[in-house]
Amino acid sequence: MAKPVMGYWVKAAVVPAAAFLLVACGGGSDGVDEASPELQYPLRVAYKNLIEREGTLSAAVSGSATDGEDTVQFVGSGSMTESATTGSFEGQMAIVKNLTVNGDLIVEGISVPFTNSSKNYFSQSFAPLGTSANGNHCVVRGPFVIPEFVKVGDSGPFAEVDCYSSSSKSIKIGTSVQTYAIEAASNDGARLKIVENVKDTSGGQATSDSVFDISMDGAIRRRSERITFQDSGITFNMRLNYN
C-alpha cells in the first residue's frame, strides 16, 4: 500500500493547508484545566493579530491512511511560514496572508516530501474574503461577523465558503462550513477551536479542526491542526502539533 498512500498524501496535503488559512488558521483539548468561564477574551484583537503575524513555526506530524483493511502509519516533521502583504480579491483591496507548508513524512521507511502554498484574503477590517491555492478559488459566502469578546463555553458559526476550480467560478468543486468554540485552558488562558466541514462535488469530504491558545490581552498562538479526509475509498488522518 505504500505507493497509493504516498500518492494520496500529495493530494490530501493541500486540504489542511487550505482549511487552516481562512481562519488564519487540529487539535484537541488535551491539557484543559480551570480557566474561569467569566473571563472575557478579545477575539477580534486575537484574530487580527493572527492575520498580521509573520514568521515560521515547526511542527511534528503524525497520522495514518486506510484503504479497506490495510492501514499505513506515518510520522514526520514540517514547518509553516506565514507573511502578510496587500493585494486585491474580486475587485476589492485586501490583506493577503501567505502561507507555505513544507515537510517530510516517513511512510513504511520511505521519505515523502510535501509542500503547499496558499493565499488568504481579508478585508481592511480583517473579515475573511476567500483563498486561492493550487488553482482553486474559494469565496466566503455572505457577511462575516466575529464576536468582539468571548468567554469559555461560547460557540457559534464562523464562515461558509464556496470553492471553484478557478477564479472564473464557472465550475463549483465544493463547500465548507466553519464554526468556533472557546474552551478552557490553564493560567487564565483559553483556546479557540475552529472546526471546518468540507464537502466536494465528487463525493469526498473532510473535517478539520484548528486550535489556538488565546489570552486576555489578545495574544494568540497556533497550537495544532488535525484533519480527516475521505475520498475514493481511502481515509486519511493527519495531525500537526506546533512547537
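Computed from the coordinates by the stated procedures, all read-outs in this text should not be read as laboratory data. As the structure is a computational prediction, the values presented were derived from the model and not from experiment. Neighbour counts are summed over all protein chains in view; Cβ atoms, including those assigned to glycine, are modelled from backbone coordinates with ideal geometry.
Couple of notes before you dig in:
- An ellipsoid equivalent to region 96-178, defined through the eigenvalues of its Cα gyration tensor, has semi-axes of 28, 20, 13 Å when rounded to whole angstrom and sorted largest first.
- Dipole of region 74-228 [Lys/Arg +1, Asp/Glu -1 at C-beta], most positive-end residue of SER123, ILE171, ILE106: ILE171
- Residue-count net charge about ALA84 - beta-carbon cut-off 9 Å; Lys, Arg +1, Asp, Glu -1: -1
- Taking each of LYS48/LYS193; LYS172/LYS199; LYS97/LYS172; LYS48/LYS199 in turn, the alpha-carbon distance tops 18 angstrom for LYS97/LYS172; LYS48/LYS199.
- Between THR71 and SER111, the contour length at 0.36 nm per residue exceeds the alpha carbon distance by 12.7 nm.
- Each Lys and Arg contributes +1 and each Asp and Glu -1, all at the Cβ; summed about the Cα centre of region 27-170, the dipole is approximately 780 debye.
- Taking all pairs of distinct alpha-carbon atoms in region 89-235, Kirkwood radius in angstrom: 17.2
- Taking other residues whose beta carbon is less than 14 angstrom from the beta carbon of ILE214, and scoring Lys, Arg as +1 and Asp, Glu as -1, yields +3.
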